[in-house]
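These notes are about the structure you will find just below.
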Amino acid sequence: MSLELRKNSKRFYARLTVNGKRKAFPLNTHYRGKPPDGLRLKNEGDAEFERSRGEALAEEKALQKEFQEGKSERQLREKVYEAMTGNEFKPVDLKDLFKIAKNFPRTKPWSPKYAEQIENRCQLFLEFLNKRHVNISYAHEVTRNMVEGFLAFYLTKTNCSAKTLDDVRVGLQGLWTVLEKKELQNGNPFRGIPKKYHITTTKEIFTPKQIEQILHEAEKDPELYQITVTSISTGMRLGDCCTLKWASVNMKKRIIFVPAVGKTQKPVAIPFFGQLEEVLKNAEEARVDEEYVFPLVRRLYARESQYFSKSFSQLLLRIGFTDDENPETSIRLTGESGGSRRRPVRSFHGLKTTWMTMALRGGVSLEDIKKICGNVDTQVILKHYFQSDAERIRSELKTAMPEALSGVASTGSEPVSTIHLLNLLDQMSADNWEFISKRMREELLKTKGNDVDTSNNDVSTTQ
């Protein structure tokens, strides 16, 4: 144990070892009288000073005992804060925590939706503390044990996924991070808590026949039909489809310009044609809102963000999909790690996966896909969006390989893939149907009728 003095303060400081590190803690005792020359405590001061030194030594001894016995944890944290920052400790009331964090200047301000989410989770955390730890009033009093108890409580209460629990932890941790940046808090009780392990679910793609069934069934619900056609035609996410604005649609050039895709915050230009063009023309003719393309859709989505996700799941069940553990037909499956929560494998987001897969199979470059969908990371696209199938690859490899390797005699001409023909049909419109039909005829005439590849497709094509 040792005491020290500083030039700009009359306090005594105790230099103690905490967690293997030497730190100086300001004591409540101030020196009196005349200190020794140079404030060197190896020497003696006058009688009054030595009496104050004795008081400081007693306080230092008591502080050391508190550290050793783990008593008065709150007071110790206050002293650690003063030792680390050199500032007088000013406690932050937990009731002011959200307000301080929200008003903190940042490059990208919180959106109203995100702010509401953080406020709700903060309120739930405070309610938990009020019930389980009634004496806790200030931010610096919150400990890691309290945080871990809350996360366990939240998981039990909501039966949420591991990802949602991590989002809760990160959001609340950010509140204490703001206090650290404002030098109102030293340490963060949320920091160091490990992430919960969770598996990212890859959505299954829909076949051309299933897409036809989905669109046919969706026609019974005009609002669901509008955004379903928009998503499967452009690869846009549900939220972007629901909040599409006229300012982003160029009907002459047939392009949808999305200023900032929600997940990546990068502007993208998306071409449209076919059914989506018809949907947009109908919306323009019946235009009742100067801002939103689908105003009723936007209102329903704003009222309940899961409205169309639920509607789409119900649609899938009506056309033959199931809600069991059959991986071939179910819309949800239990995760590999078990548990009561089932992960969606066929959902509205599957339309985006389907669009990207068809685009990549049809020869659209990966760079163009990245520009349109805003997924900057190539590995993300290939891992979570591009869904290939073994039988189609096997068929194409047999065609590409020589007979000695494939065991299939060469026909002397390249077979025409049905997927390729379907992609051409998807591109057909009133403006280009003659060109597309001529191109399809030329490609079919290059090969014999029985060379048309119909494996793993819902449509059989013959010459």
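Scanning the stretch 1-16 for residues that are modelled with pLDDT under 85 and in contact with a Lys or Arg (Cβ under 8 Å, 6 or more places away or on another chain) turns up M1, S2, R15, L16. Among the residues that make up the stretch 9-23, is at least one of them in contact (Cβ under 8 Å) with a residue 24 or more places away in the chain, surrounded by fewer than 17 Cβ atoms within 10 Å (Cβ to Cβ) and closer than 23 Å to G187 by Cβ? Within the stretch 9-23 (the criterion being in contact (Cβ under 8 Å) with a residue 24 or more places away in the chain, surrounded by fewer than 17 Cβ atoms within 10 Å (Cβ to Cβ) and closer than 23 Å to G187 by Cβ), the answer is yes, since at least one residue qualifies. Comparison of L317, L351, L276 shows that the only residue that is at pLDDT 90 or above, within 19 Å of S233 (Cα to Cα) and aliphatic (A, V, I, L, M) is L276.
Tell me whether the stretch 140-158 contains one or more residues that are surrounded by 14 or more Cβ atoms within 10 Å (Cβ to Cβ), hydroxyl-bearing (S, T, Y) and within 21 Å of S305 (Cβ to Cβ). Yes, the stretch 140-158 has at least one match. Screening the stretch 90-119 for residues that are touching a residue at least 60 places away in the same chain (Cβ under 8 Å) and of a type outside the set (G, A, S) and picking the one that is nearest to H140 (Cα to Cα) gives V92.
So for the stretch 169-186 (the condition being polar (S, T, N, Q) and under 19 Å from the mean Cα position of the chain (by Cα)), does at least one residue qualify? Walk me through it before giving the result.
Residues of the stretch 169-186 that are polar (S, T, N, Q), as a first pass: 173, 177, 185-186.
Next, from what is left, pick out any that are under 19 Å from the mean Cα position of the chain (by Cα): 173.
There is at least one residue in the stretch 169-186 that is polar (S, T, N, Q) and under 19 Å from the mean Cα position of the chain (by Cα).
Taking the stretch 81-109 as the range and being at pLDDT below 60, assigned to a helix (DSSP H, G or I) and of a type outside the set (S, T, Y) as the test, the residues that pass are E82, A83, M84. Looking across the stretch 120-159 at every residue that is free of Cβ contacts under 8 Å to residues at least 24 places away in the same chain and outside any helix (DSSP H, G or I), the one that is nearest to R343 (Cα to Cα) is identified as H133. What about K220, is it assigned by TED's automatic domain parsing to the domain that holds V297 and either outside any helix (DSSP H, G or I) or under 30 Å from G274 (Cβ atoms) (or both)? Here the answer is yes, as K220 does meet what is asked.
The values are calculated or read from the model by the stated rules, or taken from the named source; none is laboratory data. Model, not experiment: these values are computed from the prediction. Ideal geometry is used to build each Cβ from the backbone, glycine not excepted, and the neighbour counts take in all protein chains shown.
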